[in-house]
Each structure stands twice: as structure tokens, then as C-alpha cells.
Amino acid sequence: MSLDKLAPAQKNIGLILVGTAVADNSELSRAFIDNRSAREQRAYREGERAGRVLIKKIMRNKVIIGTDNGDKLLTVKNTETRQMAT
């Protein structure tokens with residue numbers, strides 16, 4: 001599955017990818033997702049459902065999710081770190 005062909009998940013999906021923990025064994029990988037509609041944040045494994053979407057593949061800072069409109073890519077929002085003044 002090529003990531004280049006996947007559309008990004010729509011913002012109205014109500015899920016924010018906070019981070020991922022990726023292991024060699026995919027059963028140990030986790031996606032940390034903030035479910036805005038349920039007002040909870042938890043860790044998901046591949047094959048589990050986060051709201052109405054299926055967690056299909058967990059990668060570093062990215063998750064492929066299955067939706068009613070096909071597979072989409074959920075990514076961690078880039079946060080720039082500020083350098084401390086010296």
C-alpha cells in the first residue's frame with residue numbers, strides 16, 4: 001500500500017493522532033489517539049476501532065485508518081519546538 005496514494009483523514013473525523021510507539025512486532029505497536037467526540041485519549045492497536053474507524057497500520061507518526069470512504073492517513077500534527085533564549 002503506497003502512502004502517496006492515501007488521502008489525509010478529514011478534520012471532521014474527530015480524531016487527533018497524538019503519537020505512535022512502533023515495535024518490530026506489529027502486535028506491540030500503539031497509536032495514541034485523542035477521540036474528540038468521546039472526550040478521551042487512549043492507545044489503540046492495529047485491528048481495533050477508534051470511534052467509527054478501523055486502525056489498519058501503525059507507523060512512525062502515521063496511522064492508516066479504514067473509514068466508510070476508504071483508507072485514509074492520519075498523521076501527527078507537526079509541533080515546532082521553540083529554542084530557549086540563552
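The values are calculated or read from the model by the stated rules, or taken from the named source; none is laboratory data. For clarity, every value in this text was computed on a predicted model and none was experimentally measured. Using ideal geometry, Cβ is built from the backbone for each residue, glycine included, and neighbour counts are taken over all protein chains shown. In case anyone asks, the SASA skips ligands and DNA or RNA and just uses the protein heavy atoms, side chains included. Shrake-Rupley method; radii C 1.70, N 1.55, O 1.52, S 1.80 Å.
Every residue, every condition in (1) buried (at least 17 other Cβ atoms within 10 Å of the Cβ); (2) free of Cβ contacts under 8 Å to residues at least 12 places away in the same chain; (3) assigned to a strand (DSSP E or B), yes or no:
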residue: Asp34; (1), (2), (3): no, no, yes
residue: Gln41; (1), (2), (3): no, no, yes
residue: Gly47; (1), (2), (3): no, yes, no
residue: Leu54; (1), (2), (3): no, no, yes
residue: Ile65; (1), (2), (3): yes, no, yes
residue: Leu73; (1), (2), (3): yes, no, yes
Residue list for region 1-18, filter: more than 18 Å from Lys77 (Cβ to Cβ) and open to solvent by less than 80 Å² (accessible area, probe 1.4 Å) = Ser2
query = Would you pick out the residues in region 46-70 that are modelled with pLDDT of 95 or more and of a type in the set (Asp, Glu)?
reply = Glu46, Glu48
remark   = Of the residues in region 19-32 that are surrounded by fewer than 13 Cβ atoms within 10 Å (Cβ to Cβ) and part of a strand (DSSP E or B), the one that is farthest from the chain's Cα centre (by Cα) is Ala21
message = small (Gly, Ala, Ser) and either touching a strand residue (DSSP E or B) at 6+ places or on another chain (Cβ under 6 Å) or modelled with pLDDT of 95 or more (or both): is that true of Ala85 in this structure?
response = no
